[in-house]
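FYI, it's all coordinate maths here, none of it is from the lab. On a predicted model such as this, the values are computed, not experimentally measured, just so you know. When we count neighbours, we look across all protein chains shown, and the Cβ atoms used for this are built from the backbone with ideal geometry, even at glycine.
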Amino acid sequence: MDKKEFFAQLRRQKWSYIFISVPFLLFFIFQLAPVFISFLWSFTEYDVVHPPKFIGLDNYINIFTNDPLFRKSVINTIIYVVGVVPLGVCLSLVLAVAIDQKIKFKNFFKSIFFLPTVTAIVAVSVIWKWLYAGEKYGLFNYLIMKLGFQPVDWLASPIWTLPSIMIMSIWAGLGYSMILFLAGLQTIPQVMYEMAEIDGAGFWCKLFHVTLPLLKPTIVFVSMMSFIFSFQVFEQVYVMTGGDGAIGGVLNSALTMVAYLYDKGFTKFQMGYASALAYIIFFCVFIFTMLNKRLIKSRVEY
Amino acid sequence: MWHELNMRKDALTVKLFIYTFLIAGAVTMVLPYLWMFITSIKPLEEIQSYPPSFLVKNPTFEPYEDLFRLVPMIRYIFNSLFVAGAITLFNVFAASLAGYAFAKHKFWGRDKLFFILLGSLMIPWQVNIIPGFIIVKTLGWLNTYRGLIIPSMACCAFGIFLNRQYISSIPDDLIDTAKIDGCSEFMIYRHVILPLIKPVVATLAIFTFIQQWNNFVWPLVIIHTSDMRTVPLALTVLTGQFGANFAMVMAGAVVATLPMLVVYLVFQKYIIKGIAMTGLKG
């Protein structure tokens, strides 16, 4: 193609480029360029005041061989994900199946379970911090003592801090997964149920032999979304354990990977180190998403 | 006969089980909100009295008065509304315009650009935030509306994708007819495409607004002065500064929560459908 033709074509396509120009300009500056910049910075030492200094793979080497806090954050993140994802997915699946039955007040229940999804996670965390409050004022401890158990130190104990955040996150995430499951349930043809009924199948039989097998793609999708959100947990940790510069709770018992990244980048201003952490997180999410794409492709046939 | 009776008994126990489960669940869902609201209208003595009670003997608006007197809450609400509103307006407009170009125009580099755009959806915010902060700092946009608004305008990849999907299903004939009638490209967008994609525009607008109102990490990183805080940011600062004044903090939580609950109740249909269709998160 010669030059003249090329420009003629460009002129014809003028409007297309005008239509996409502004969003793409912003996209390149604030979304795409940072991806490459932080990759470069992950090989540097950078404290914002002085220009970045190239140090090769030192950040990565230090993270993996010489950083107990990173190890702690990985373990915490794994505990968090392993606790929140399966429980959250199972509970929301049960919820969706329950709401999908012929029951009264269907929409009322749907709305109630959905409320936390439109509430800022920061507000949710602030409310729950108050619910978890110490022995005297906290509603949870009061209820627990009413039931005859010992009060729990929730956010003040190294054992309970992370589970406290996990319980809250499951509560907050239920509605979102439930809606996805409900959408999945609508795709199961009614005929399948009718056929099962002719064969004399009761509720449980239909659930285990029709609903669940046909819902497999949705289950995989919801699990994947839940994993990605959980792996990047930050706001909850920041609000419930943070304040006064410290983040991560007693003995860093709730320091997750993203919380650690935030601490390195924006309280200690070790931008190079934080960029390396960001890339490690990115890599984990990426690998997991790719694995799941494979799983989704192997849909069940019916 | 026996069989049928058994089936009916079976169905009854299942129903009973379902209702118990759902009601217990609903109570668990509502409880934190209820407790937030109750705490926010309790006078101090009642908060400190034991055992904690769901009944308020002397309800008071004092925590709300404190909230609006001790911190510039009106300003924070304005900041949140202004920032979320500006981003929403821009994203909805830009995403539908770009979505139209991607769906119906043929231009050099179209598929490559679209592929990059889609790929960017997989990038977690942690990767962008450090250079994003430095870029904004270099531009001198820390603690400004520009800093809050413009970088967030860049996140319209999903909106473009959604619009493209939807606009692709509009028949080409409509556009061709408009062209023959002498419509310019922008007029086609304005008078042919836009009226047809109203549902997508509405869904996208609601989601963007809720997301931006609730957005926390970006303001946390770039706002360091008191008067530029958004509501969620103000709420965390409130928890730190007035942590002992539980009623006031809960009043702040009500202010942060209530507007979105109202938006949700009004636009419920769009929101539920939007999530079910696309996996968008509020």
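With everything on Cα atoms, drop me the angle between helix B:157-168 and the longest principal axis of chain B, reported from 0 to 90° to the nearest 10.
Long axis of B:157-168 versus the principal axis of chain B: about 50 degrees.
Rank by packing, highest mean first: peptides A:164-173, B:139-148, A:20-29, with packing defined as the count of other Cβ atoms within 10 Å averaged across residues. Provide the component values of the computation, followed by the final result.
Working: A:164-173: 23.0, B:139-148: 16.8, A:20-29: 18.5.
The packing order, highest mean first, is A:164-173, A:20-29, B:139-148.
Other chains' Cβ within 10 Å of B:45-58 residues: what's the mean?
Details: counts 0, 0, 1, 2, 2, 4, 6, 8, 1, 1, 0, 0, 0, 0.
The per-residue average across the peptide is 2.
Using per-residue counts of other Cβ atoms within 10 Å, averaged over each peptide, order A:230-241, B:188-199, A:55-66 from highest down.
Values: A:230-241: 22.9, B:188-199: 15.6, A:55-66: 14.0.
Result, highest mean first: A:230-241, B:188-199, A:55-66.
Past 25 Å, Cα to Cα: identify those pairs from B:112/B:179; A:72/A:268; B:112/B:137; A:293/B:15, in the order given. Before the final figure, lay out each step's value.
Numbers: B:112/B:179 27 Å; A:72/A:268 18 Å; B:112/B:137 31 Å; A:293/B:15 37 Å.
In this structure, B:112/B:179; B:112/B:137; A:293/B:15 lie more than 25 Å apart at Cα.
May I ask for the longest run of chain A untouched by trypsin sites (Lys or Arg not before Pro) that are loop-located per DSSP and have at most 11 neighbouring C-beta atoms (other than their own) within 10 Å? If you can, show how the numbers build up before the last one.
Working: sites that count: A:102, A:104, A:299.
The longest uninterrupted stretch comes out as A:105-298.
Over chain B, what relative contact order in percent results from Cα pairs under 8 Å that are six or more residues apart? Numbers along the way, then the final one.
Values: 235 pairs, mean separation 82.7, N = 282.
For chain B, the relative contact order is 29 percent.
If the elastic network links every pair of Cα atoms under 10 Å, which of A:128, A:204, A:15 fluctuates the most in the Gaussian network model of chain A?
Top of the fluctuation ranking is A:15.
Between 0 and 90 degrees, rounded to the nearest ten: what's the tilt of helix B:198-214 against the longest Cα principal axis of chain B?
Its long axis makes an angle of about 50 degrees.
Using only helices, what value at 222 nm comes out for chain A when you add -39,500 (n - 2.57) per DSSP H run of length 4 or more and divide by the total residues, to the nearest 500 deg cm²/dmol? Mind dumping the intermediate values first?
Details: 15 runs with 197 residues, N = 302.
It lands at -20500 deg cm²/dmol.
So what's the back-of-envelope 222 nm ellipticity for chain B, counting only DSSP H runs of four-plus at -39500 (n - 2.57) apiece and dividing by all residues, rounded to 500? Walk me through the numbers on the way to the answer.
Working: 14 runs with 211 residues, N = 282.
That comes out to -24500 deg cm²/dmol.
From the square roots a ≥ b ≥ c of the eigenvalues of the alpha-carbon gyration tensor of region B:62-278, which class results: rounded (a/c under 1.5), prolate (a/b over b/c), or oblate?
Values: a/c = 2.67, a/b = 1.88, b/c = 1.42.
It is prolate, given that a/c is not under 1.5 and a/b is the larger ratio.
Averaged across B:231-242, how many Cβ atoms of other chains sit within 10 Å of each residue's Cβ atom?
Working: counts 3, 8, 1, 1, 6, 9, 1, 1, 9, 4, 1, 0.
Average neighbour count from other chains, rounded to a whole number: 4.
Name the residue from A:258, A:162, B:155 whose Cα lies farthest towards the positive end of the charge dipole of the protein assembly as shown, charges +1 on Cβ of Lys and Arg and -1 on Cβ of Asp and Glu.
My answer, from the dipole projection, is B:155.
Hey, in the GNM for chain B with a 10 angstrom Cα cutoff, which one of B:214, B:58, B:245 fluctuates hardest?
Of the options given, B:58 has the highest mean-square fluctuation.
Using only Cα atoms, find the angle between the long axis of helix B:231-241 and the longest principal axis of chain B, and express it within 0 to 90 degrees, rounded to the nearest 10.
The answer is roughly 30 degrees.
Picking from B:201, B:83, B:30, which is most flexible by a Gaussian network model of chain B using Cα springs under 10 Å?
B:30
List the trypsin sites (Lys or Arg not before Pro) within region B:28-102 that fall in a DSSP loop (any state other than H, G, I, E or B) and whose Cβ has at most 14 other Cβ atoms within 10 Å. Provide the component values of the computation, followed by the final result.
On the way: sites: B:57, B:69, B:75; in loops: B:57.
Here the sparse-neighbourhood loop sites are B:57.
Mind checking which helices in chain A clear 18 Å along their axis (Cα) and have mean Kyte-Doolittle hydropathy of 1.6 or more, DSSP H runs only? Could the numbers behind the result be given before it?
Values: long enough: A:14-27 (19 Å, 1.42); A:68-100 (47 Å, 1.71); A:161-186 (39 Å, 1.44); A:216-231 (22 Å, 1.49); A:271-297 (38 Å, 1.34).
In chain A, the long hydrophobic H runs are A:68-100.
Give the average, rounded to an integer, of partner chain Cβ atoms located within 10 angstrom of each Cβ in A:203-211. Display every interim value, and only then the final one.
Values: counts 8, 2, 1, 0, 1, 0, 0, 0, 0.
So the per-residue partner count for this stretch is 1.
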